[in-house]
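Presented below is the structure to which this report refers.
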Amino acid sequence: MSASRSLRLNRRAAGGLAGVLALGLSTAAAGQDMLDTLQLHGFLSQGWVTTDHNNFFGPSRDGGGSFKFTEIAANASLRPHHDLLLSAQVLSRRAGGDGRDARPKLDHGVVDYQFVSSASRTLGLQAGRFKNPFGLHNQTRDVPFARPGILLPQSIYFDRARSLALAADGGTVYLEERIPDGGALRAQVGFGRVQADDDLERTLRLDPVPGGIEPRDSVIGQLLYEHDGGRIIAALSAARVKARFERDGARDGQFDFQPWIVSFQYNEALWDLTAEFAVRESSMEGLADIGADFDITGESWYVQYTRRFHPDWQWLIRYDSLVSDRSDRSGRDFAAATGLPAHARFAHDWTLGLRWQPHPKVQLGAEYHYVDGTGWLPTEDNPDPSDTRRRWNMLLMQLSLRY
C-alpha cells in the first residue's frame, strides 16, 4: 500500500470516527438535556379526625378519634421535547374503611403534546389518565398543599364517591388564549371513562346486590377565564358521566350523572373569596325490580373566605350546603318512602380552619365543622343510616410534608 493511499484511508477513518464521536456527543447532550427536565416530587400527610356523633374517615366517634386518613404520593415529569411532556403520579390514600383503598393507584398519567405554543396561544392534547377539569379544585384535590383547607367543600368535591369525579382514561384537548390586558381564556374538553369504583356502588347502596359497576364513555368540559393575572377567576364546568351496573342473571342498570358547576374566585394579596354553585342531575334505570331506580336533581353551593394574617399563617371560614333532591329538600318524602332518616338527604356545614406553614415543605392544619345533616357522610364508615345523628361536630388535624 502506498504512503499516499494509507494517508487517505487514515484521514477517512479519522473523519468517520470524528463523525461517530460527534453524533454520540450530540445524542448524549440531547439525553442530558432531557434528563435535566426530569422532576421528582411527592408528599405525605397524616390526619386525625374526631366526632361526637357519626363516623368520618374511620371510627372517629370513638374516644381516641381516627387516624385512618393518610395520603402518600410520588410524581414525576419529563420533557423529551419542548412540545412534549410526560407526567404521572402514584397515590396511596386511606380514608377510613378497611384499608383496601390504600393500595397505590395511578392518580394520573398523561402524554401531553402541544401543537401550538406561542406567547398568545397554547393548543394541546393529553392522552392517558387525565384529571377531570371539574370546578376550581378537582385537578389538585389530592395535593394537601394545594387545598385551601384539610377538606374541600363536600357538597361539590364529595369524598364518599370521589372516583366518579377524580379522573378519566381517554384524551382531553385544551386551548389557552392569552389576552394582552393580562387575562386568559382556557377551554378543555375530555373524552373517556371515569374511574367508577366501589365507593360509587356503596353510595348508590348497590354493594349488597350481586354484580358490579362498569364505567361507560363520558365527556367533561370546562371554560375558565382569568382576569388581571388571576385576580378574578370565573369558570363553567359540565359533564355527562355514564356507568352500567352489570347484574348476574338480571337486567343491567344504567347510571347517568350530569353536573353543571359555576365557579367564581376573587384574589387579593392577603385574602380571597371563593364561591361555587352546582346543579346535579342523576338517574338510574333498569333496577326497578329491587327498588333502586331514581331520577333526581340535586343542588350544591358554598361560600368561602380565606385570610392570610402572617406570612406563615392563614384562616378560613366557609358555609357549605348540599341538597340531594331539590324537590324534597327536607328529605321527608324520602324518609316516608324508604324508612331511612330524612337528614340523609341534606348537609349544611359551617367550617372554621387554621393553617400554619413553618417551612415551605411542612404544613400543619386544624379544622372544625358543625354539620346539620348527613348527606355526604361516607357510607363505608356508617353502614346503617338509622344509626346516624342529624346534628354533629367534627374536628380534624393534619400534618403534611412534601419534597
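Order the following by accessible area, largest value first: 220, 317. Probe radius 1.4 Å; ligands, DNA and RNA are ignored.
Listed by decreasing accessible area, they come as 317, 220.
Excluding ligands and nucleic acids, what accessible area in Å² is computed for residue 110 using a 1.4 Å probe, to the nearest 10?
Approximately 20 Å² for this residue.
Could you work out how far the C-alpha centroid of the stretch 179-207 sits from that of the stretch 326-403, in angstrom?
Taking the Cα centre of the stretch 326-403 as reference, the centre of the stretch 179-207 is 22 Å away.
Kindly provide the pair-distance distribution of the stretch 53-200 built from C-alpha pairs, with 10 Å bins from 0 and whole-percent values in order of increasing distance.
It works out to 10, 34, 33, 15, 6, 1, in whole percents.
Given N residues in the stretch 147-248, what is Rg(Cα) / (2.2 N^0.38 Å)?
The value comes to 1.35.
Between 149, 182, 172, whose Cα lies farthest towards the positive end of the dipole of the stretch 147-234 when Lys and Arg beta carbons carry +1 and Asp and Glu beta carbons carry -1, centred on the Cα centre?
Toward the positive end, the furthest listed residue is 149.
Could you point to the residue in 261, 40, 378 farthest towards the positive end of the chain's charge dipole, with +1 and -1 charges on the Cβ of Lys/Arg and Asp/Glu respectively?
It is 40, whose Cα lies furthest towards the positive end.
In Å², what does the accessible area per residue of the stretch 126-276 work out to with a 1.4 Å probe?
41
With contacts defined as alpha carbon pairs under 8 Å and 6 or more residues apart, what's the relative contact order of the stretch 87-162 in percent?
Taking the mean separation of contacting Cα pairs over the length of the stretch 87-162, I get 18 percent.
Give me the dipole magnitude in Debye, nearest 20, for the stretch 252-365 about the Cα centre, with unit charges on the beta carbon: positive for Lys and Arg, negative for Asp and Glu.
Working: 10 positive and 17 negative charges, 179 e Å.
Using only the charged Cβ atoms, the result is roughly 860 debye.
Quick check: convex hull of the Cα atoms in the chain, volume per residue, rounded to a whole Å³? Could the numbers behind the result be given before it?
Working: hull volume 78.4 nm³, N = 403.
Measuring per residue, one finds 194 Å³ for the Cα hull of the chain.
Translational diffusion coefficient, Stokes-Einstein: compute it for the stretch 264-375 using the Kirkwood radius over C-alpha pairs as Rh, at 4 °C and 1.567 mPa s, and state it as an integer in µm² s⁻¹.
Using the Kirkwood radius from Cα pairs, D works out to 78 µm²/s.
In cubic angstrom, how much convex hull volume per residue do the alpha carbon atoms of the stretch 320-396 span?
For the stretch 320-396, the hull spanned by Cα atoms encloses 102 Å³ per residue.
Note down the Stokes-Einstein diffusion coefficient of the stretch 204-274 in µm²/s, whole number, using a Kirkwood radius over alpha carbon pairs, 37 °C, and 0.692 mPa s. Present the calculation step by step, with values, prior to reporting the outcome.
Values: Rh = 15.2 Å.
Roughly 216 µm²/s, to the nearest whole number.
Nearest 10 degrees is fine. How inclined is helix 3-36 to the longest principal axis of the chain, computing both from alpha carbons?
The helix 3-36 is inclined about 20 degrees to the chain.
Sequence gap at least 6, Cα distance under 8 Å: using those rules, report the relative contact order of the chain to the nearest whole percent.
13
Which three lengths, in whole Å and largest first, does the stretch 236-326 cover when its Cα atoms are put on their principal axes?
Rounded to whole Å, the extents work out to 62, 22, 19 Å.
Can you give the helix-only mean residue ellipticity at 222 nm for the chain, where every DSSP H stretch with n ≥ 4 adds -39500 (n - 2.57) and the sum goes over all residues, rounded to the nearest 500 deg cm²/dmol?
That calculation yields -4000 deg cm²/dmol at 222 nm.
Using the crude model of +1 on Lys and Arg Cβ and -1 on Asp and Glu Cβ, and no other charge, please compute the dipole size for the chain relative to its Cα centre, in debye to 20.
1680
Each residue of the stretch 105-122 in order: what ³J(HN,Hα) in whole Hz does its phi give by Karplus 6.51 cos²θ - 1.76 cosθ + 1.60, θ = phi - 60°, with x for Gly and Pro?
With coefficients 6.51, -1.76 and 1.60, one gets 9, 6, 6, 8, x, 9, 9, 10, 10, 9, 6, 10, 8, 9, 5, 10, 8, 9 Hz.
Using only protein heavy atoms and a 1.4 Å probe, report how much of residue 282 is accessible, in Å² to the nearest 10.
Taking all protein chains as shown, residue 282 has close to 20 Å².
The values are calculated or read from the model by the stated rules, or taken from the named source; none is laboratory data. Predicted model, so just to flag it, every value in this text is computed and none were measured. FYI the Cβ positions are ideal-geometry reconstructions off the backbone, even for glycines, and counts take in every protein chain you see. Just so you know, the surface numbers come from the protein's heavy atoms only, side chains and all, with ligands and any DNA or RNA stripped out. Shrake-Rupley method; radii C 1.70, N 1.55, O 1.52, S 1.80 Å.
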